[in-house]
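Reviewing the structure listed below.
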Amino acid sequence: MGPLLRDPNLFHINRFSIASSFFIGLFCAFLPVPGQMFIAAFLALLFRTNLPVAVSLIWISNPLTIAPMFLFSYSIGVLLLGHQETQFTIELSWEWASAQGSAIWLPLITGSLICGLVSGITGYLTILYLWRWKVIKNWEQRKRNRLGRQQVKQDKTLD
């Protein structure tokens, strides 16, 4: 993995690298599987995007936010698939997963993939837009500074 991790694109900061990393990180944050960080890291390595940004963005789904995110994803999946919503309580045990899994997994995974794609695309497009806006703003500021210096030079020559 040494040569792979020495790839400069994994730590490069440019518009497309950061935007792609936002897509990967936000998409993986909605995946209802353990090891989201490893999936995000693998995808960042595969697509040669900014590794730290992609991995850090999965922490949007943290212990405080994961339940609302997955309940929302489940609701989206139920809506899209036309299933009947199942009332359930969440327990972190194998018995619960095997008993409830068949009733909730298909809507949860479907909703999670849709929510991940929507949030990833939104993040990608937002970063592209904000980056472009900032570049244009910087160019306009440089232009104003250049015109201001020219004006000062003209004023000095007139004195």
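One table, with the values for the structure above:
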quantity: Rounded to whole Å, sorted largest first: equivalent-ellipsoid semi-axes of segment 2-132, Cα gyration tensor; calculated: 31, 17, 11
quantity: Segment 46-107: radius of gyration over Cα atoms, expressed as a fraction of 2.2 N^0.38 Å; calculated: 1.42
quantity: Gain on full stretching of the segment that runs from Leu80 to Asn9 - 0.36 nm per residue minus C-alpha separation; calculated: 21.8 nm
quantity: Which of Ile24, Ile58, Ile39, Ile13 has the fewest Cβ neighbours within 10 Å, and the rest in rising order; calculated: Ile13, Ile39, Ile58, Ile24
quantity: Angle between the chain longest axis and helix 66-81 axis [Cα atoms, degrees, rounded to 10]; calculated: 70 degrees
quantity: Dipole of the chain, positive end: most advanced residue of Leu81, Ala41, Trp139 [Cβ charges, Cα centre]; calculated: Trp139
quantity: Potential lengthening between Leu130 and Trp59 on full extension [0.36 nm per residue; Cα-Cα distance subtracted]; calculated: 23.4 nm
quantity: Loop-exposed chymotrypsin sites (Phe, Trp or Tyr not before Pro) per DSSP, neighbour cap 16 Cβ within 10 angstrom, longest uninterrupted part of the chain; calculated: 12-87
quantity: In degrees, nearest ten, helix 94-158 long axis to first principal axis of the chain (Cα); calculated: 0 degrees
quantity: Size of electric dipole in the chain: Cβ of Lys, Arg +1 and of Asp, Glu -1, about Cα centre, debye, nearest 20; calculated: 1440 debye
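Just so you know, all these numbers are worked out from the coordinates, no wet-lab data involved. Keep in mind that this is a model prediction, so the values were computed, not measured. Note that we place each Cβ from the backbone using ideal geometry, even for glycine, and neighbour counts take in every protein chain shown.
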